[in-house]
Amino acid sequence: MTTIQTPNPLPFLDLRAEYQSLKHEIDAAVMRTLDSGWYILGREVAAFEAEFATYLAGDQPAATDEGRGGQSQIQTPNAKLECVGVNSGTDALQLALWACQVGPGDEVITVAHTAVATAAAIRLTGATPIFVDVDPITFTMDPTALEAAITQHTKAVIPVHLYGHPADMTSILELAYARGLRVIEDCAQAHGARYHGQPVGALGDLACFSFYPTKNLGARGDGGAVVGRDPALVDRVRRLREYGWTPQARYISQEEGMNSRLDELQAAILRVKLRYLDQWNARRRSIAARYSSRLPVSITRPVERPHCTHVYHLYVARIADRDGFRQRMQAGGVGTAIHYPAPIHQQPAYAQFAAGCRLPHTERLADEIVSLPMHPHLSEAQIEQVVEAAQLASTR
Ligand SMILES: Cc1ncc(COP(=O)(O)O)c(C=O)c1O
């Protein structure tokens, strides 16, 4: 009798596979750190901060478009990029906004099609989030919508490099800098993504990363970083992450800060994983290319704009009958997810900021998007399993 082999169910995510692939290196880093007897803001954090800043500084010259009164719009590659390790991506955004003197009475323009953390950080400073629509092709901030939303109260702009695709930074920086606004990149989903050859995170005034375990560069707990070239801003973030203390005067708060420190164990693990980031991003890109060449025509694939390197933190497709498709994928043994099911201005906590929001693309996306399994440790058989399940799920 012949038995038909059904493939094992494929979960949307598998973080164990990544750990297993580097188990020896990660375990050694963890043991070294435990043995060191120093667990907060020590050698591992300092080394990771230096290594991540070097990685983000990249090796390509930055674009040199003019903006902000003639200064280079994509900032000079000569100023040294610095990194400050903090406790999460949300804290990174809050600290970056604080460092830019954003507070009550100020408006910060961002998108509603993002993780709620982007808006949560703005609210934690007391400022008001102003939500603008996204470009329906890249799912990132529409610069025309940004321009229309700027008022005399606008203090900063937070473009989000969502799903791993860079936002249209040339237009955003030009608009923002012409009006004296700060630009804080939300890079939580875009470690290693490039814009005109330059890694994101080195483009605006400050940039914020999350090392939440699912990210392209993920810790094994919470973690985040703020990155920038302006020493005054970076030093301020460094002070604010630890109660406003300075290196010269610990325990004396020069200004009001918070406790948001990347810990030594997470930094040690991130140092191991940073060495694999480009290789893993390349693998994500090759899986995305496989999906895009094989998915049925009824599914709209994600797009990579010219001069952009997408790192596919998520492979987000669009499909008209999204919920039915997901159910059929689940029945076929393949997990999917939605990032995100409700735009921020339609969530109860943020409905107070919905007045005046016209976000047709954002609202439509929420009904159509679906994230397919995407991580660098998917096997060839699993990639095939996703494609075959999607083909079946699309033919009702
Ligand atoms: C776009 C975006 N911004 C900010 C964050 C916040 O990061 P964290 O979860 O580390 O606070 C996340 C993470 O979920 C994110 O995806």
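Quick note: the coordinates plus some simple rules give every number you see, no bench work behind them. Since the model is a prediction, treat every value here as computed from it, not as a measurement. Here the Cβ positions follow ideal geometry from the backbone for every residue, glycine too, while neighbour counts run over all protein chains shown.
GNM, the chain, Cα, under 10 Å: largest mean-square fluctuation among GLN248, GLN327, GLN279?
It is GLN248.
Would you work out which of ALA381, VAL84, ILE26 lies farthest towards the positive end of the dipole of the chain? Charges go on Cβ: Lys and Arg +1, Asp and Glu -1.
With unit charges placed on the Cβ atoms, the residue in question is ALA381.
Enter the Cα centre distance for the pair region 285-349 and region 224-239, rounded to the nearest angstrom.
34
Tally Lys and Arg at +1 and Asp and Glu at -1 over the other residues with C-beta under 14 Å from the C-beta of THR362: what net charge comes out?
-3
Return one number: the angle in degrees, 0 to 90 and rounded to the nearest 10, between the long axis of the Cα atoms of helix 23-36 and the longest principal axis of the Cα atoms of the chain.
Between the helix axis and the principal axis of the chain, the angle is about 30 degrees.
So for the pair ARG283, ALA79, with labels modelled 7 Å out along Cα→Cβ, what separation do we get in nm?
Reported label-point gap for ARG283 and ALA79 is 3.7 nm.
Going from the alpha-carbon gyration tensor of the chain, what semi-axes, largest first and in whole Å, does one get by taking the root of 5 times each eigenvalue?
34, 27, 19
Can you tell me the 0 to 90 degree angle between the C-alpha axis of helix 43-57 and the longest principal axis of the chain, rounded to 10?
80
Looking at the square roots a ≥ b ≥ c of the eigenvalues of the Cα gyration tensor of region 108-194, which shape do they give, rounded for a/c under 1.5, prolate if a/b is larger than b/c, or oblate?
Working: a/c = 1.57, a/b = 1.18, b/c = 1.33.
Oblate.
What angle, in degrees between 0 and 90 and rounded to the nearest 10, separates the Cα long axis of helix 264-274 from the longest principal axis of the Cα atoms of the chain?
Its long axis makes an angle of about 60 degrees.
Take every DSSP beta bridge with both residues inside the chain and express the antiparallel ones as a percent of the total, to the nearest 5.
Of the beta bridges lying entirely in the chain, close to 65 percent run antiparallel.
State to the nearest 20 debye the size of the charge dipole of region 25-274 about its Cα centre, where the only charges are +1 on K and R beta carbons and -1 on D and E beta carbons.
Approximately 460 debye in magnitude.
What base-10 log of the normalised intensity I(q)/I(0) is obtained for region 277-394 from the Debye formula, alpha carbons as equal point scatterers, at q = 0.14 Å⁻¹?
Log10 of I(q)/I(0), two decimals: -0.65.
Restricting to DSSP H runs of at least four residues, report the calculated mean residue ellipticity at 222 nm for the chain, -39500 (n - 2.57) per run over all residues, nearest 500 deg cm²/dmol.
On the way: 13 runs with 146 residues, N = 396.
Mean residue ellipticity at 222 nm (helix-derived): -11000 deg cm²/dmol.
List, in the order given, every pair from LYS215/LYS273; LYS80/LYS273; LYS23/LYS273 whose Cα-Cα distance in the structure shown is over 21 Å.
LYS80/LYS273
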